[in-house]
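Reviewing the structure listed below.
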Amino acid sequence: MDIYLLEAIINGILLGGVLAVLALGLNLIFGVIDVVWIAYADLVMCGMYLIYYLNVELNWPLLLACAVAIAWVAALGVLVHVLIIAPILGSAPINQLLATGGLLFFLQSFATLLFGTDFRNIGVRLPIIELSGIYVSSARLLAFAVAVAGAIALYFFLRRTFVGTAIRAIAQDRDIVGLMGVDQRHIYLVTSAIGGALAGLAACLLILQYDVHPFIGNTFGPLIFMICVLGGLGDMIGGFVAAFVMSQIIAIGGYYFSTELSYVFAFTFFIVLMFVRPRGMFSR
Amino acid sequence: MIAGLAVALLALPNFVAPYFMHLLIQILLWGFVYTSWSIMGRFGFVSLGHGAFMGIGAYVPALLWNYAGLTPWIGIPVGIGFAVLLALIVGYPCFRLKVVGHYFALVTLALSQVVMLSIVAARDVTGGSLGFTPKAVGHSWYALQFPEKVYFYGISLALWFGGLAVWYWIDCGIGREALDAISEDEEAAGSVGINVIREKLRVTLISAALTALGGAIYGQYMMYLNPETVSGIAVSLQIVFAAIVGGTYAAVGPTVGALLTISLNEGLRVAFGTNFIGAANTIYGILLVLFIIFMPRGIVGMIQDAMKGSRRGKAVFYSAIRRPSSADQ
Amino acid sequence: MLSLAAISAGYGSFQVLFDVSLEVPRGEAVGVIGPNGAGKTTLMRVISGLVQRYTGAMRLDGRSIGGLPAHRIVERGIAHVPENRRLFPRLTVEDNLRIGAYLPRARRQCGGQLDRVYKLFPRLKDRREQLAGTLSGGEQQMCAIGRALMSDPKLLLMDEPSAGLAPLVVAQVFDLVHRIRAEGLTVLIVEQNVQQVLDVVDRAYLLEVGRIKLAGTSTELKGNDFIRKSYMGL
């Protein structure tokens, strides 16, 4: 096999890791609260900017900046729920979607106000590793490892803890969880915080590899949505797998053509799958 | 009253400075685009991807003009054709397979982004993010280019009226009840014999076609196209924002939304210059959230509700703005 | 232990219960019988907090519980086994049981409670890793009851436990009620199966069209002509 193709495939897998984390977050929130945060990718952008600001402007150590960013985006997640979602939980779901659309506008333009439209970079240059002729960015490798670790941690949280089990339960039958002593609103807040934290984690991983600018959310946001719909909205495992499928399409498509065209392929694949499996690849 | 308004609008160019003409044309064109969206949006078929249709509608005639010398009189219908085709390709499976609500919104969102990315990807042809300028030939009906604003004022006015006419045509047509039924309960509607797919597709294709037309004329007027301004998420959301804030339940609602967005843009530009790029959208964002929470029926809807209290106001206002229907709350 | 006084409730503008009053003395089993649509399930939901009453007072051991949300009422010691079981279908049997012990005070004793439930329902122990949605009707009912018991309640509300179950299984379920009572639990059962429930409760109320029509000990009601004719086909 062509070594550059292999390289592209591996890079695709590594990229898939971060996308998978975001898909998990979005699916978690949708599965529990039944709402899609259109502005999810922009929360990641907020995290990236915070890391940039703390690390580059204030000279904080990178790891600390990342930790703070995760907490910060988790808090943002809670704010989004409390200020935007909770007041309209009763109205049509499309309203909640649109309200987060307003948030998207707001976040992107506010970031433009604060930072301008330039691309910002934290200037971290991690070495490129060579593995038998294949060149892989260690930043990517690290991001992948952390993403998988995050996913595993989430898995155990959901499987083993009481709150995690309550989260899984509420996604299956919202109305009667109260009978088990579960406070619905509390679970919503926890879920929003976790969703935010996952976005914060993704921010840490992305800032290592990419520049941040106010509209970076538009580059991977729609991709994440496609991934989630492909895997079945709310299906955590489906989204996880779909993330890798899509990232492979993009990596291989990008290898043979251009990055933008690879997105077109991904979308075409997505539409075709809509014909075949409208509820997601793994719908029962 | 409508006749009086029409006369006033037609006579306007004689009294108004070019700068205000420019604003007016923008309001009319964007109002037309927003109205086109709301033709399907008002029934709950919320598309977050109309930027795709606008972009296609704008770029296709411009590309054909520059590269093939093809007159926009043919180029525009071709562009509309492409937009409609795309709407069909994406819409049919969605409707056939009951992709609705969230799913539909996300699919359309991805669509608009992909169209924008395609435009950028084909940068050798389209100029990518740097934008595209149609070859200027001065005053020409063949090229549909008119340096004097009056002509485009007339065109956009006609378009705007046309959009309202289509809105009313759907509002008063037999299809209207079917669409209301579908938006309330798709399955129930299907079970009473309504051809859900056909109705949804019909209104979607009309909406896509009109949006593409709006994009085309916008491109011809501005004589400059940029993927960010005529396609992509931002435009799609802007369309939704304006339509909702203005109010989708009344024909002029989206136009009120256009009034708001254009004035806001201009106001901010005049007040702050380029110091605060992004200020307008920041405010849009906050407003959209606030409107969804507190005034989901939009400005016009709110006025309508307020008017319901006053009988005289009701008679005058309603007859001018919309025809009451059984869907009135 | 539980007392309802003049409870009126419904869903929005649709009123279901009119001026309902009843008492459940400690350690007893009380039944509420009546036809479909009488409001029995609504009554359960009002007591457990899933539905808020319009007016009226509810007290548990003298303390008012009116107006409390469901998760608070569980804290006070009332557990509700919902109509149609309502297990979490894609959680395992054990996860369904464990979530029943979500309350902070119950979590600490989760292990002990789990043992207790498995002793009561050995079949559940065999199927502990199975997804709850794949259980048979009878097993689901056992799981639902077990889940309610995990919070170590003082009062157990059971909504139509025999619904949709084969007669043999129904007998098992009512036998279960006996065993639970033997452990000292107070029980309020809502049932359509009048014959079986009157055999297992100490007293009962007849709820028709949202109002209490008759009340008395189970012996009294078993002998009552109206009940015999209308509900027992005799």
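The values are calculated or read from the model by the stated rules, or taken from the named source; none is laboratory data. What you see is a predicted model; the values in this text were computed from it and never measured. Quick reminder, even Gly has a Cβ in these numbers, built from the backbone with ideal geometry, and neighbours come from all protein chains shown.
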Evaluation of A:A193 against (1) modelled with pLDDT under 90; (2) more than 14 Å from chain C (Cβ to nearest Cβ); (3) under 15 Å from the mean Cα position of the chain (by Cα) (one fails), failing number: (1)
If you go through the range A:249-259 one residue at a time, do you hit one that is buried (at least 18 other Cβ atoms within 10 Å of the Cβ), within 21 Å of A:I167 (Cβ to Cβ), away from chain B (no Cβ under 14 Å) and modelled with pLDDT of 85 or more? no
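Across the range A:165-181, what is the number of residues that are in a helix (DSSP H, G or I) and facing chain C (nearest Cβ under 10 Å)? Quick ask: steps written out before the conclusion?
We begin by selecting, within the range A:165-181, every residue in a helix (DSSP H, G or I); these are A:165-172, A:177-180.
Now narrow it down to the ones that are facing chain C (nearest Cβ under 10 Å): A:165-166, A:168-172, A:177-180.
Going through the range A:165-181 one residue at a time, the tally reaches 11.
With the structure loaded, tell me whether B:A243 is within 18 Å of B:M295 (Cβ to Cβ), within 11 Å of chain A (Cβ to nearest Cβ), touching a residue at least 40 places away in the same chain (Cβ under 8 Å) and aliphatic (A, V, I, L, M) or whether it fails that test.
Values: within 18 Å of B:M295 (Cβ to Cβ): yes; within 11 Å of chain A (Cβ to nearest Cβ): yes; touching a residue at least 40 places away in the same chain (Cβ under 8 Å): yes; aliphatic (A, V, I, L, M): yes.
Spelling it out, B:A243 is indeed within 18 Å of B:M295 (Cβ to Cβ), within 11 Å of chain A (Cβ to nearest Cβ), touching a residue at least 40 places away in the same chain (Cβ under 8 Å) and aliphatic (A, V, I, L, M).
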Expected single match for within 20 Å of the chain's Cα centre (by Cα) and surrounded by fewer than 23 Cβ atoms within 10 Å (Cβ to Cβ) among C:G137, C:G100, C:G133, C:G111 is C:G137
Hey, could you check the range C:93-105 for residues that are facing chain A (nearest Cβ under 7 Å) and out of contact with any Phe, Trp or Tyr (no Cβ under 8 Å at 6 or more places or on another chain) and say which is nearest to C:G133 (Cα to Cα)? C:G100
Within the range B:40-56, track down each residue that is under 17 Å from B:V245 (Cβ atoms) and within 10 Å of the chain's Cα centre (by Cα). B:H50
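Quick one: is B:A178 surrounded by 15 or more Cβ atoms within 10 Å (Cβ to Cβ) and more than 29 Å from B:Y249 (Cβ to Cβ)?
So B:A178 fails the test.
Across the range B:81-116, which residue is farthest from B:G55 (Cα to Cα) among those that are more than 11 Å from chain A (Cβ to nearest Cβ) and surrounded by fewer than 24 Cβ atoms within 10 Å (Cβ to Cβ)? Don't jump to the end; show me each part of the working.
The initial filter retains those residues of the range B:81-116 that are more than 11 Å from chain A (Cβ to nearest Cβ), namely B:81-85, B:87-88.
Applying the additional criterion that residues be surrounded by fewer than 24 Cβ atoms within 10 Å (Cβ to Cβ) yields B:81-82, B:84-85, B:88.
Values: B:G81: 13, B:F82: 11, B:V84: 12, B:L85: 14, B:L88: 16 Å.
Per the stated criteria, the residue is B:L88.
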Search result, residues across the range A:69-114 that are free of Cβ contacts under 8 Å to residues at least 40 places away in the same chain, more than 7 Å from chain B (Cβ to nearest Cβ) and surrounded by 17 or more Cβ atoms within 10 Å (Cβ to Cβ): none
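Of all residues in the range C:203-226, which are part of a helix (DSSP H, G or I) and not hydrophobic (A, V, I, L, M, F, W, C)? Give the derivation first.
Initial filter on the range C:203-226 (part of a helix (DSSP H, G or I)): C:218-223, C:225-226.
Passing the criteria: C:S218, C:T219, C:E220, C:K222, C:G223, C:D225.
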Does A:V82 satisfy the condition of being closer than 21 Å to A:V212 by Cβ, assigned to a helix (DSSP H, G or I) and of a type outside the set (K, R)? no
If C:S48 passes every condition in (1) buried (at least 16 other Cβ atoms within 10 Å of the Cβ); (2) free of Cβ contacts under 8 Å to residues at least 60 places away in the same chain; (3) of a type in the set (S, T, N, Q) but one, which one does it miss? (2)
Could you please give the count of residues in the range B:290-300 that are surrounded by fewer than 24 Cβ atoms within 10 Å (Cβ to Cβ), at the interface with chain A (Cβ under 7 Å from one of its Cβ atoms) and assigned to a helix (DSSP H, G or I)? 1
Report yes if A:N27 is part of a helix (DSSP H, G or I) and away from chain B (no Cβ under 11 Å), otherwise no. yes
Inside the range A:150-164, can you point out the residues that are at the interface with another protein chain (Cβ under 10 Å from one of its Cβ atoms) and touching a residue at least 12 places away in the same chain (Cβ under 8 Å)? A:V163
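Among the residues of the range C:10-38, which ones are of a type in the set (G, A, S) and modelled with pLDDT under 90? Talk me through it step by step, then tell me what you get.
Residues of the range C:10-38 that are of a type in the set (G, A, S), as a first pass: C:10, C:12-13, C:21, C:27, C:29, C:31, C:34, C:37-38.
Passing the criteria: C:G10, C:G12, C:S13, C:G27, C:G34, C:G37, C:A38.
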Looking only at the range A:152-165, decide whether some residue is farther than 26 Å from A:A65 by Cα, polar (S, T, N, Q), more than 21 Å from the chain's Cα centre (by Cα) and modelled with pLDDT of 85 or more. yes
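Taking A:C46 as the residue in question, decide whether it is farther than 22 Å from A:V229 by Cβ, within 14 Å of chain B (Cβ to nearest Cβ) and either free of Cβ contacts under 8 Å to residues at least 12 places away in the same chain or in a helix (DSSP H, G or I) (or both).
yes
Residues that are in contact with a Pro (Cβ under 6 Å, 6 or more places away or on another chain) and either of a type in the set (G, A, S) or within 14 Å of chain A (Cβ to nearest Cβ) (or both): which strands (runs of 3 or more DSSP E) entirely in the range C:1-92 hold 1 or more of them?
Details: elements: C:2-11, C:14-24, C:29-33, C:53-60, C:78-81.
Passing ranges, in order: C:78-81.
Within the range A:135-149, does at least one residue satisfy the condition of being within 22 Å of A:S192 (Cα to Cα), crowded, with 19+ Cβ neighbours inside 10 Å and either away from chain B (no Cβ under 14 Å) or not acidic (D, E) (or both)?
Here is the first cut: in the range A:135-149, the ones within 22 Å of A:S192 (Cα to Cα) are A:146-149.
Subset that is crowded, with 19+ Cβ neighbours inside 10 Å: A:146-147.
Remaining after also requiring either away from chain B (no Cβ under 14 Å) or not acidic (D, E) (or both): A:146-147.
Yes, some residue in the range A:135-149 is within 22 Å of A:S192 (Cα to Cα), crowded, with 19+ Cβ neighbours inside 10 Å and either away from chain B (no Cβ under 14 Å) or not acidic (D, E) (or both).
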